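Step one of this worksheet: look at the structure below.
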Amino acid sequence: MKDQIKLLCCDIDGTLLNAKRDIAPETADAINKLPADFPVILASSRMPSAMYYLQEKLNRINSPIISYNGGLVLDTDGTKLRSNTVSLDFLATVIEHQKKYDYNISTYCTDTWRTAHVDYWTLREIRSTRVEPLLTPINEHIAILKEIDEQPHKIMCMGSPRALDSLIEVLQHKHGDEAHFYRSKDVYIEITPKNIDKSTALNELIEKKYKLTLDQVIAFGDNFNDTTMIKTVGFGVAVANATQEVKDVADYVSAFTNKEHAVAKTLEEFILN
């Protein structure tokens with residue numbers, strides 16, 4: 001195991017972070033024990049700016065990142081190695097639907113978060129990600145994105161389950177299978193391009209940059225968007241608080257949750273010992 005594994009890839013929320021949504025000293029210490037030439041890749045639904053400060057805490061600021069569940073992969077210098085987006089027509093349907101309901105629409109384009117105003121949902125995201133949004137009236141979103149020739153890497157809608165259920169129904173009817181809907185909670189929908197996932201992005205990244213294959217990777221995850229990654233790497237680890245779907249495909253299920261330093265304890269047992 002120790003000789004086979006050459007790279008670590010880790011989900012962030014619910015996996016790497018502790019109860020304070022931060023990196024525990026135990027986790028930082030374990031990762032810092034890895035050799036300097038042992039790549040550590042963070043893979044998340046977060047935007048890049050919500051990942052950089054975590055890289056700093058892990059002393060891995062010169063590592064690529066996998067953002068938006070694989071929709072955007074950035075090299076160490078910010079070069080886009082992979083970029084997949086949702087169409088502005090799709091966004092227009094979301095904006096039109098929201099006129100009948102009250103929910104927050106946030107768009108994420110490369111490394112910019114735009115939302116209309118600071119509300120309950122916006123404040124929650126600011127606390128969780130330590131990133132401030134660019135406040136943009138919802139009726140100006142599309143015009144601004146057209147002007148700068150950008151499309152969303154992710155659209156996030158936050159509000160009542162009833163409103164979001166209706167939104168998904170409308171989007172599936174009008175746009176078919178153009179996008180993937182990831183619902184971590186019934187009050188959140190993260191919308192990303194179809195046919196992207198962390199596993200595919202990781203495979204492309206490590207082949208190009210490190211000349212490695214997925215069977216040389218140890219990966220950690222907790223939720224549905226981690227399933228393919230955990231299933232396809234050489235040693236896929238589900239933390240104790242992971243969904244059953246992730247546990248079912250994992251090579252190893254930790255006895256510890258993210259709040260109990262599952263990543264650190266697994267590294268100590270299988271890689272560092």
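Spin-label point model (7 Å from Cα, Cβ direction): what's the R124 to E207 distance in nm?
About 3.8 nm, to one decimal.
Once the piece of chain linking E268 and F181 is laid out straight, how much longer is it, given 0.36 nm per residue of separation minus the C-alpha distance between them?
Value of the extension gain: 27.8 nm.
Using Cα-Cα distances under 8 Å and only pairs 6 or more residues apart, what relative contact order does the stretch 84-141 have, in percent?
Contact order relative to length: 29 percent.
Taking all protein chains as present, what is the carbon and sulfur share of the accessible area of the stretch 88-193, in % to the nearest whole number, probe 1.4 Å?
49
When DSSP beta bridges are limited to those with both residues in the stretch 1-96, what percentage is antiparallel, rounded to the nearest 5?
Restricted to the stretch 1-96, the bridges split so that about 55 percent are antiparallel.
Please state the charge dipole magnitude for the stretch 88-193, taken about the Cα centre, from unit charges on C-beta atoms (+1 on K and R, -1 on D and E), reported in debye and rounded to the nearest 20.
360
Under 8 Å for C-alpha pairs, at least 6 residues apart: give me the relative contact order for the stretch 88-193, rounded to a whole percent.
Answer for the stretch 88-193 is 30 percent.
Under a 5 Å amide H to amide H cut-off, with H placed in plane at 1.01 Å, what residues pair with D119 once short-range neighbours are removed?
none
Excluding same-chain residues fewer than 8 positions from K57, which aspartates and glutamates have a Cα within less than 14 Å of its Cα?
In chain and number order, the partners are D22, E26, D29.
First select every other residue whose beta carbon is under 11 angstrom from the beta carbon of P161; then total the charges, Lys and Arg +1, Asp and Glu -1.
Around P161, the surrounding residues sum to +1.
Quick one: Karplus J couplings for the stretch 51-60, per residue in order, coefficients 6.51, -1.76, 1.60, θ = phi - 60°, nearest Hz, x for Gly and Pro?
10, 4, 5, 6, 4, 4, 5, 9, 6, 10
Show me, for the stretch 239-245, the HN-Hα J-couplings you get by feeding each phi into the Karplus relation (A = 6.51, B = -1.76, C = 1.60, θ = phi - 60°), rounded to Hz, glycine and proline as x.
Once rounded to whole Hz, the list reads 6, 4, 8, 5, 5, 4, 4.
Using 27 Å as the Cα-Cα cut-off, could you pick out the over-long pairs in K99/K198; K100/K146; K6/K154?
The answer is K99/K198; K6/K154.
Excluding N225 itself, calculate the net charge of residues whose Cβ lies under 9 Å from the Cβ of N225, where each Lys or Arg counts +1 and each Asp or Glu counts -1.
Here the charged neighbours net out to -3.
Counting only DSSP beta bridges with both residues in the chain, what percent are antiparallel, rounded to the nearest 5?
Beta bridges within the chain, antiparallel portion: roughly 60 percent.
Round to a whole number: what % of the accessible area of the stretch 6-68 belongs to carbon and sulfur, probe 1.4 Å?
Ligands and nucleic acids excluded, carbon and sulfur reach 49 percent.
Whole angstrom only: what separates the Cα centroid of the stretch 149-178 from the Cα centroid of the stretch 226-270?
When both Cα centres are located, 30 Å separates them.
Any idea of the accessible area per residue across the stretch 88-193, 1.4 Å probe, to the nearest Å²?
Computed with neighbouring chains in place, this is 50 Å² per residue.
Return the subset of K33/K211; K80/K174; K208/K259 for which the Cα-Cα distance in this structure is over 25 Å, preserving the input order.
K80/K174; K208/K259
When the solvent-accessible surface of protein heavy atoms is calculated with a 1.4 angstrom probe, in what order do R162, R130 fall, highest first?
R162, R130
Let a ≥ b ≥ c be the square roots of the eigenvalues of the Cα gyration tensor of the chain; is it rounded (a/c under 1.5), or, if not, prolate (a/b larger than b/c) or oblate?
Because a/c hits 1.5 or more and a/b exceeds b/c, the chain counts as prolate.
As an exercise, identify the chymotrypsin sites (Phe, Trp or Tyr not before Pro) in the stretch 1-105 lying in DSSP coil whose Cβ has no more than 14 other Cβ atoms within 10 Å.
Y101
Just the number, please: percent antiparallel of the DSSP beta bridges in the stretch 116-273, rounded to the nearest 5.
That works out to approximately 55 percent antiparallel.
Amide H of V217: which non-local residues (sequence gap of 5 or more, or other chain) have their own amide H closer than 5 Å, using H built in the peptide plane?
Under 5 Å from the amide H of V217 lie the amide H atoms of K6, G234, F235, each far enough along the sequence or on another chain.
What is the distance, in nm, between label points placed 7 Å from the Cα along the Cα-to-Cβ direction at K194 and at R162?
3.1
Can you sort L123, L88, L171 by solvent-accessible area, 1.4 Å probe, largest first?
L123, L88, L171
The values are calculated or read from the model by the stated rules, or taken from the named source; none is laboratory data. Nothing here was measured: the structure is a model prediction, and the numbers come from that model. Cβ atoms come from the backbone with ideal geometry, glycine included; neighbour counts cover every protein chain shown. To get the accessible areas, we keep the full protein, side chains included, count just its heavy atoms, and leave off ligands, DNA and RNA. Shrake-Rupley method; radii C 1.70, N 1.55, O 1.52, S 1.80 Å.
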